[in-house]
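To start, the structure itself, in structure tokens.
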Amino acid sequence: MSEVVAGYYPYVMVGLLLLIGFHGMAMKRNYMKKIIGLTIFQTAIYLLFIQGAAKSGATIPVRSTEFGTAAANYINPLPQVIVLTAIVVGVAITGVALSLMLQIHRRYGSLDEEVILKQVGEEA
Amino acid sequence: MSQIPVLVPAVLLLTALVSLLVGLKGQRAGHAVALAGAVAAFLLSAIGLREVVSTGEALHYAMGGWMPPLGIAFVMDHLAAYMTTLITFLGVVVLIYAPRSFGHEIAGREGFAWPTMVLLVAGLAGMCLTGDIFNLYVFLEISALSAYALLAVGDRAAPVAVFRYLLVGAVAGGFYLIGVAFLYFTAGTLNMADLYARLPELVENQAVVTASVFIVLGLALKMALFPFHFWLPDVYTNAPSAVAGLVAPVMTKVAAYAIIRIFLDVFPPGFFTEVVPVASTIGWMSAAGILYGSILAVAQQDLRRMLAYSSVSQVAYVGIGIGMANPVGLIGGLLHIMNHALMKGCLFLVGGAIRYRTGRTRIADFAGLGRTMPWTMAAFTVGALAMIGIPPTAGFFSKWYLLLGALEAGNGWWFAVIVASSLLTAVYFFRVVERIYREEPPEATDDGPEQGATDPPASMLGPILVLAAGVLVAGVMNVVIVRAVLEHIVAPLGS
Amino acid sequence: MTSRYDSIFLDRVARAIVPVVQIFAFYVITHGHYSPGGGFQGGVILAASIILLRISTGEESFERFPRQAGIGLAGVGALLFALLGFLPLLFGGAFLEYGMAIPGMDPVTLRYWGIFFAELFIGFLVWGALVAIYDALTTGGVD
């Protein structure tokens, strides 16, 4: 078991962060904590991509004279672009989530999920 | 190299931007620009569909001139052309319907609604046209974010419902992205065609199996497949009517399209039946969803909530078609995508028209509308008959293919589920039809803006009638559609 | 957080720092192809400078960067990027194929400048979008 953790510790970290984020989204009652859980969940996924792209002893993906043309000497730029796009998407999602949260607070006067759902149920 | 595969989403994106800038001056101008762009995109999709059907070859496009598999490829094959034409058609119809409806329900904020609706259509069309699994995620999130914004300006409880949808949608996108990560790290490419070539050797790899499960899980959450449907009823009930008319028919179906695309063109044939029993799992979850949606729809008092549970049941028809994993069943599922889009769009728009004229949404308050709103209720009846599955409306034919597929798969339970749900659909729609054609006059309950209900104005009635006519046309022409388009799509499954 | 944080120290320091931050942001945008940076990163820094102004100087920042300017700037940035993408289509290239945007010029040079302008427009887009998000959150909507 410990060899699995030692050999694959980035993946274990990613899994742990996914679980923490998911716990935040599902179990916490405050909407702001749910959004924080969402952010942690998304960050775990960025971590998954980045650590898969890293190589030991490699340099940035700009062609240099001393490293030549062997692809193994340069880190893979594609996962970095994927992560960048995913971060932009995450920012947009967080922006929309915060706006929704503010609108909910203005209408129901609270950020607690149980209070709000009870009010929604009464008004229906 | 035909430019059509990239022009459809690019024109829509450009339209959204111009509509945004023009809309800052006046919202009517913004609407005109948005409608013009949607019509242009629909014409481009139709031209592309005709070209693909007549030549039998797909249209390939390399974004930025960079050749795949290193570059991003856009592919318009039969499946993509079919979906894109459907999506853009619904976009045009709803954009014609929307101004009056928005004026009644979300007055003062239409200036931002037009570019967002065009962005939604752009995201959905882009999802269908892309040949790159990460690009699919990008368009998936574009359409999802536009949908969150549009759905949240509805009734008082809309932001609460959309907040939950946002969390579920973000988690779903995250799962999909985890699957893409595992696939990329084992296969080394993001291009769908290249993956199709490389994956057969990697079938034994645990990472590939995990990737497939994560991808399907993420897409099933977006598709509202039972038991992942829990976000859907509240969202569709509280949405503005025109937005519900655009989102309900197409958004979950595009996620189902993505699952079909992954089944047919990314993973090797037989992967989802023999290596990982995903197909049968989806089939059983869909069977449960069909029954669950139909049963709960019977108990609803509000028309929109009833249609929402009905949508849960109907998207599960597509799922059960996927689960059958034979050509006939898949044809039934694909045909049902188009049929349900037309039927459900018509029904939601009728609900919006009733709300526009009378302000009412509860079924009990619909008494006597058959006399005062004759054309609208006639369209509703056509839609209801199609949902139940009465020939020659479109709904009958997709259920027919699904029943044949269930027989060929040898699954008596699924056959019984489809038949039972048709009977339940008849129950909950007959309840509404009986109410609207009853002679008793309406009581003075809610105070709607216009007490004397009549048919809605032409800009709203036109789209309703077009969709109802479309239901009949799609039913009569179903053989043409199946032979020209759908049989080519399911060809990889064998005969 | 909907009004300015009242502190003369913060006010003076922010006024001094913001121009430097914006120059650094443009440096990040233009060096994205060679070192860490690029359109999105520089745009975020630009937006941060405007938000710093909003927090420290309050009403005065609305004269310098009006309330609706965020959405307008984002729209203009995106529109310019879209036009840059459509330009090669007129000359027989693919969408966003900078190498064929202007006939007759060397494709390598065109790609170099194409990416540069693309990053610049993306920087404007992100700048406008993030300031628009901040304004929407703090002022309660479109009005």
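The values are calculated or read from the model by the stated rules, or taken from the named source; none is laboratory data. Because the structure is a prediction, the values reported are computed rather than measured. Glycine gets a Cβ as well: all are built from the backbone with ideal geometry, and neighbour counts include every protein chain shown.
In table form, for the structure just shown:
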quantity: Answer residue from the range A:31-60, given it is more than 14 Å from chain B (Cβ to nearest Cβ) and of a type in the set (Ser, Thr, Tyr) and is surrounded by the fewest Cβ atoms within 10 Å (Cβ to Cβ) among those; calculated: A:Ser56
quantity: Subset of the range B:179-195 that is aliphatic (A, V, I, L, M) and more than 10 Å from chain A (Cβ to nearest Cβ) - its residue that is farthest from B:Pro69 (Cα to Cα); calculated: B:Leu183
quantity: Test for B:Ile337: is it farther than 30 Å from B:Met377 by Cα, part of a helix (DSSP H, G or I), of a type in the set (Val, Ile, Thr) and touching a residue at least 24 places away in the same chain (Cβ under 8 Å); calculated: no
quantity: B:Tyr292 being within 15 Å of B:Trp414 (Cα to Cα) and surrounded by fewer than 24 Cβ atoms within 10 Å (Cβ to Cβ); calculated: yes
quantity: Members of the range C:101-131 that are in contact with a Leu (Cβ under 7 Å, 6 or more places away or on another chain) and of a type in the set (Phe, Trp, Tyr); calculated: C:Phe117, C:Phe121, C:Phe124, C:Trp127
quantity: Of all residues in the range C:90-132 being among the β-branched types (Val, Ile, Thr) and touching a residue at least 40 places away in the same chain (Cβ under 8 Å), the one that is nearest to the other protein chains (Cβ to nearest Cβ); calculated: C:Val126
quantity: Every residue from the range C:28-47 that is free of Cβ contacts under 8 Å to residues at least 40 places away in the same chain, surrounded by 14 or more Cβ atoms within 10 Å (Cβ to Cβ) and at negative phi; calculated: C:Val28, C:His31, C:Gln41, C:Ile45
quantity: Any hit, the range A:68-90, residues being within 11 Å of chain C (Cβ to nearest Cβ), out of contact with any strand residue (DSSP E or B) (no Cβ under 7 Å at 6 or more places or on another chain), in contact (Cβ under 8 Å) with a residue 12 or more places away in the chain and hydrophobic (A, V, I, L, M, F, W, C); calculated: yes
quantity: Among (1) closer than 28 Å to C:Gly72 by Cα; (2) buried (at least 24 other Cβ atoms within 10 Å of the Cβ) - the single one B:Ala81 does not satisfy; calculated: (1)
quantity: Checklist (1) crowded, with 22+ Cβ neighbours inside 10 Å; (2) β-branched (Val, Ile, Thr); (3) more than 7 Å from chain A (Cβ to nearest Cβ) applied to B:Val160, failing item; calculated: (3)
quantity: Some residue of the range B:58-75 being surrounded by fewer than 20 Cβ atoms within 10 Å (Cβ to Cβ), at negative phi and among the aromatic types (Phe, Trp, Tyr); calculated: yes
quantity: Hits in the range B:77-106 - residues which are within 14 Å of chain C (Cβ to nearest Cβ) and at pLDDT 90 or above; calculated: none
quantity: Neighbours by Cβ (under 8 Å, 6+ apart or cross-chain): first from the range B:92-113, in contact (Cβ under 8 Å) with a residue 60 or more places away in the chain; second surrounded by fewer than 21 Cβ atoms within 10 Å (Cβ to Cβ) and among the hydroxyl-bearing types (Ser, Thr, Tyr); calculated: B:Ile96/B:Ser459; B:Tyr97/B:Ser459; B:Pro99/B:Ser459; B:Arg100/B:Ser459
quantity: Flag if A:Thr94 is assigned to a helix (DSSP H, G or I), closer than 22 Å to A:Leu19 by Cα and within 13 Å of chain C (Cβ to nearest Cβ); calculated: yes
quantity: Test: B:Val22 is buried (at least 18 other Cβ atoms within 10 Å of the Cβ), over 25 Å from the mean Cα position of the chain (by Cα), modelled with pLDDT under 95 and not acidic (Asp, Glu); calculated: yes
quantity: So B:Tyr176, is it in contact with a Phe, Trp or Tyr (Cβ under 8 Å, 6 or more places away or on another chain), more than 7 Å from chain A (Cβ to nearest Cβ) and either surrounded by fewer than 23 Cβ atoms within 10 Å (Cβ to Cβ) or of a type outside the set (Gly, Ala, Ser) (or both); calculated: yes
quantity: Residue within the range B:437-456 that is within 30 Å of B:Arg50 (Cβ to Cβ) and either of a type in the set (Asp, Glu) or at pLDDT 90 or above (or both) present; calculated: no
quantity: Residues of the range B:51-90 satisfying the condition of being in a helix (DSSP H, G or I), over 16 Å from B:Pro9 (Cβ atoms) and in contact with a strand residue (DSSP E or B) (Cβ under 8 Å, 6 or more places away or on another chain); calculated: B:Glu51, B:Val52
quantity: Output for the range B:255-278, where each listed residue is among the small types (Gly, Ala, Ser) and surrounded by fewer than 20 Cβ atoms within 10 Å (Cβ to Cβ); calculated: B:Gly270
quantity: Every residue from the range C:59-84 that is among the aromatic types (Phe, Trp, Tyr) and either at the interface with chain B (Cβ under 7 Å from one of its Cβ atoms) or farther than 17 Å from C:Leu137 by Cα (or both); calculated: C:Phe81
quantity: Exclusive hit being closer than 29 Å to A:Leu111 by Cα, in contact with a Pro (Cβ under 9 Å, 6 or more places away or on another chain) and assigned to a helix (DSSP H, G or I), set B:Ala161, B:Ala181, B:Ala193, B:Ala170; calculated: B:Ala161
quantity: Qualifying residue in the range B:114-121 (condition: within 14 Å of another protein chain (Cβ to nearest Cβ) and surrounded by fewer than 24 Cβ atoms within 10 Å (Cβ to Cβ)); calculated: yes
quantity: Residue list for the range B:13-50, filter: in a helix (DSSP H, G or I) and within 11 Å of chain C (Cβ to nearest Cβ); calculated: B:Leu13, B:Leu14, B:Thr15, B:Ala16, B:Leu17, B:Val18, B:Ser19, B:Leu20, B:Leu21, B:Val22, B:Gly23
quantity: Sole exception among (1) at pLDDT below 90; (2) at the interface with another protein chain (Cβ under 10 Å from one of its Cβ atoms) for B:Gly154, by number; calculated: (2)
quantity: Every residue from the range B:135-151 that is more than 9 Å from chain A (Cβ to nearest Cβ), of a type outside the set (A, V, I, L, M, F, W, C) and touching a Phe, Trp or Tyr at 6+ places or on another chain (Cβ under 9 Å); calculated: B:Asn135
quantity: Any hit, the range B:225-234, residues being within 22 Å of B:Ser286 (Cα to Cα), within 25 Å of the chain's Cα centre (by Cα) and at the interface with chain A (Cβ under 10 Å from one of its Cβ atoms); calculated: yes
quantity: Residue that is without any contact (Cβ under 8 Å) to a residue 40 or more places away in the chain, within 14 Å of chain C (Cβ to nearest Cβ) and outside any helix (DSSP H, G or I), where the choices are A:Arg107, A:Arg63; calculated: A:Arg63
quantity: Among residues of the range A:13-33, those that are in contact (Cβ under 8 Å) with a residue 40 or more places away in the chain and either in contact with a Cys (Cβ under 7 Å, 6 or more places away or on another chain) or part of a helix (DSSP H, G or I) (or both), counted; calculated: 2
